[in-house]
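J.: Sharing a structure here in structure tokens format.
Where a number appears in this text, it was derived from the coordinates with a stated rule and is not lab data. Keep in mind it's a predicted model, so treat the numbers as computed, not measured. Cβ atoms come from the backbone with ideal geometry, glycine included; neighbour counts cover every protein chain shown.
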Amino acid sequence: MQQLLIHMPDTGSSPRPLDSFDKAILRLLQRDNRMPQRAIAETVNLSAAAVQRRIAAMEKSGVIARNVAIVDPDAVGLGVTSIVEVNLVDEKAATVDTAKKLFRDDPDVQQCYYVTGGRSFIMLIVAPDMRGYEAITRRLFAENEAVANYHSYLALNRVKAGMELVIP
């Protein structure tokens, strides 16, 4: 299933304002972004051309950040999912920025959040097996001088996954 992600800019700037038609289009596209534009148009009571213009405008403005395929990790041999808490040795801007870049650029890190509440980062990591997961944690955390400590929570079962946002 493919899905559209909503742009969450980290620059502090806001994406263009969304009207009720934009929101209705986004709700549909998040469920299935391969839905034909004519079917979207019928559902939201606009012309196909108007839907096409709105989607293009939302892509250009960054509201729609990208089109992605949501892949079942088990189906591609990634059977270990872990939620990891990471504490850095300090919260200096250079330390945090270096960690952000490392985690952002690493393909094994599926999601990563810089957080408050006594932790530096919370992230989601997938691996083929425990041996692979150990290699990832050594590379990203145990051998990383900027990491003070980390704690892994291994997922027993994926109850819900996806990125569909509730758009008011």
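J.: For Rg/Rh (Cα atoms, Kirkwood Rh), one of (1) 0.97; (2) 1.13; (3) 1.05 was computed from the structure I shared and the rest are decoys. Which label?
T.: (3)
J.: Separate question: By per-residue mean of other Cβ atoms within 10 Å, what is the highest-first order of 30-43, 104-117, 150-163?
T.: 30-43, 104-117, 150-163
J.: Also, I was wondering about something else. Using the Cα atoms of the stretch 75-168 to build a convex hull, what is its mean projected area in square nanometres?
T.: Computing the convex hull of the Cα atoms and averaging its projections yields 7.4 nm².
J.: Once R0 is set to 41 Å, what does the formula 1/(1 + (r/R0)^6) return for the Cβ-Cβ distance between ASN87 and ILE167, expressed as a FRET efficiency to the nearest 0.05?
T.: 0.75
J.: Would you kindly state how much longer the chain becomes between ARG158 and LYS60 on full extension, computed as 0.36 nm times their sequence separation minus their alpha carbon distance, in nm to one decimal?
T.: My answer for the length gained is 31.9 nm.
J.: So, one more: Calculate the spin-label point distance for ARG27 paired with ALA135, positioning each point 7 Å from the Cα along the beta-carbon direction, and give it in nanometres.
T.: 4.5
J.: Within the stretch 54-119, report the GluC sites (Glu not before Pro) that DSSP leaves as loop and that have at most 14 other Cβ atoms within 10 Å.
T.: Loop-located and lightly packed - GLU91.
J.: Which of PHE21, SER120, ALA69 sits closest to the plus end of the dipole of the chain, meaning its Cα is farthest towards the positive end, when Lys and Arg get +1 and Asp and Glu get -1 on the C-beta?
T.: It is PHE21.
J.: Let me ask another. What is the chain's relative contact order, in percent, from Cα pairs under 8 angstrom and six or more apart in sequence?
T.: 27
J.: Using alpha carbons only, how many angstrom separate the centre of the stretch 109-149 from the centre of the stretch 31-85?
T.: Between the Cα centres of the stretch 109-149 and the stretch 31-85 lies a distance of 28 Å.
J.: Here is a further query. When the dipole is taken about the Cα centre of the chain, and only Lys, Arg (+1) and Asp, Glu (-1) are charged at their Cβ, what size is it in debye, to the nearest 20?
T.: That gives the chain a dipole magnitude of about 640 debye.
J.: Which is farthest toward the positive dipole end of the stretch 33-92 among ALA50, PRO36, GLY79, measuring Cα position about the Cα centre, with Cβ charges +1 (Lys, Arg) and -1 (Asp, Glu)?
T.: ALA50
J.: For the residue pair GLN111 and ALA48, what label-to-label distance in nm results when each label sits 7 Å from Cα along the Cα-to-beta-carbon direction?
T.: 3.6
J.: Efficiency by 1/(1 + (r/R0)^6): what FRET value for LYS100 and ASP19, r their Cβ-Cβ distance, R0 = 45 Å, to the nearest 0.05?
T.: My answer for the efficiency is 0.85.
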